Amino acid sequence: MLRPEDFFDLSRTGYADLFDGVEYVWEALSKLKGYIKEKISPNMPKVVSKGSLIDSTIVIYNGKVIEGEFCVEMGNASKGELVVKKNGEVLSGASIICAGAVLMDDIEIGKGSIIEPGALIKGPTIIGDNTEVRQGAYIRGNVLVGSGCVVGHTTEMKSAVMLGESKAGHFAYIGDSILGKVNLGAGTKLANLKITDTEVILRIKGKKYETGLRKFGAILGDGVETGCNTVTSPGTILSKGVLVYPNSMASGYHEENTIIKLRQKQEIKKKGE
């Protein structure tokens with residue numbers, strides 16, 4: 001019920017080994033910092049910078065920075081529509097770091113991704129393939145963003161994971177959280193710190209779980225959708241297929257295929273019932 005495979009299809013992510021030896025899904029948060037440092041490889045496309053503002057757009061292709069003129073067709077990178085050409089030839093898998101982005105410390109960028117102007121990324125951070133980090137995004141380090149993701153305008157992430165095809169397009173806060181294949185409505189906030197100076201303790205179906213975590217945002221399983229201005233309390237767990245209505249507050253554990261409406265919950269009826 002609380003294992004990683006209960007929330008995520010680990011076969012579709014390149015980071016399944018983050019959960020090796022994990023009994024409860026939230027335990028991966030304690031491993032995240034060390035995992036990212038080990039995962040970043042100098043044999044992969046990697047940008048190492050010390051607080052530098054990118055003053056001219058950079059193209060990374062086959063692990064190298066491409067010099068000279070190139071042509072860019074700004075399609076949706078998360079759908080594989082970003083196209084880079086040089087001398088009329090398509091550079092398949094090329095990634096772009098736009099002028100005006102700021103990069104700090106160790107940052108790895110996969111294939112076919114784009115970092116837009118005004119984004120600020122601190123390391124250690126891994127950005128996967130076909131991912132968009134949009135204008136004004138703020139990634140504060142110890143962040144793992146998988147493939148096909150969107151870190152949107154004024155979205156902030158720290159010590160968090162997007163496992164793949166995770167979308168947070170507008171005005172979100174994602175702290176100390178793990179997201180599967182989800183979509184966050186504009187203004188979604190995953191609060192990660194209790195008002196009281198205590199660790200996050202979960203109570204699920206009459207059982208108490210001491211997480212050992214002072215900061216713990218949320219676990220969002222595959223298929224979770226949050227409406228605009230959703231807020232979750234620290235230690236919220238949304239299982240696969242949970243829907244949260246706009247302007248709602250969610251806390252605690254919610255089983256698969258439920259709806260959270262304000263502070264109420266009801267089961268989703270299956271088609272044909």
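The values are calculated or read from the model by the stated rules, or taken from the named source; none is laboratory data. Small disclaimer: the values here were computed from a predicted structure and weren't measured. Every residue, glycine among them, receives a Cβ derived from its backbone with ideal geometry; neighbour counts consider all protein chains shown.
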request  = Identify the single condition in (1) at positive phi; (2) modelled with pLDDT of 95 or more; (3) of a type in the set (A, V, I, L, M, F, W, C) that Leu262 does not satisfy, given that it satisfies every other one.
outcome  = (2)
ask   = Condition test on Asp176, is it crowded, with 24+ Cβ neighbours inside 10 Å, charged (D, E, K, R) and either touching a Pro at 6+ places or on another chain (Cβ under 8 Å) or closer than 22 Å to Asn229 by Cα (or both)?
value = yes
message = Take the conditions surrounded by 24 or more Cβ atoms within 10 Å (Cβ to Cβ) and either modelled with pLDDT under 95 or small (Gly, Ala, Ser) (or both) and apply them to Gly164. Does it pass?
response = yes
task = Among what's in region 69-98 and is among the β-branched types (Val, Ile, Thr) and surrounded by fewer than 21 Cβ atoms within 10 Å (Cβ to Cβ), pick the residue that is modelled with the lowest pLDDT.
result = Val72
key: Filtered residue count, region 112-138, keeping only those that are more than 18 Å from Ser159 (Cβ to Cβ), of a type outside the set (Gly, Ala, Ser) and surrounded by fewer than 23 Cβ atoms within 10 Å (Cβ to Cβ)   = 5
inquiry  = Just to be sure before I move on: is Gly136 more than 23 Å from Ala186 (Cβ to Cβ), of a type outside the set (Val, Ile, Thr) and not in a strand (DSSP E or B) in the structure I sent?
reply    = no
key: Given (1) under 19 Å from Thr155 (Cβ atoms); (2) of a type in the set (Gly, Ala, Ser); (3) at pLDDT 95 or above, number of the condition Ala101 does not satisfy   = (3)
key: Enumeration of residues in region 183-221 that are charged (D, E, K, R) and within 30 Å of Val150 (Cβ to Cβ)   = Lys189, Lys194, Arg214, Lys215
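For every residue, the table says whether it meets (1) part of a loop (DSSP other than H, G, I, E, B); (2) over 24 Å from Leu10 (Cβ atoms).
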position	(1), (2)
Gly152	no, yes
Met157	no, no
Glu165	yes, no
Gly187	yes, yes
Thr196	yes, yes
Arg203	no, yes
Cys228	yes, yes
Gly241	yes, no
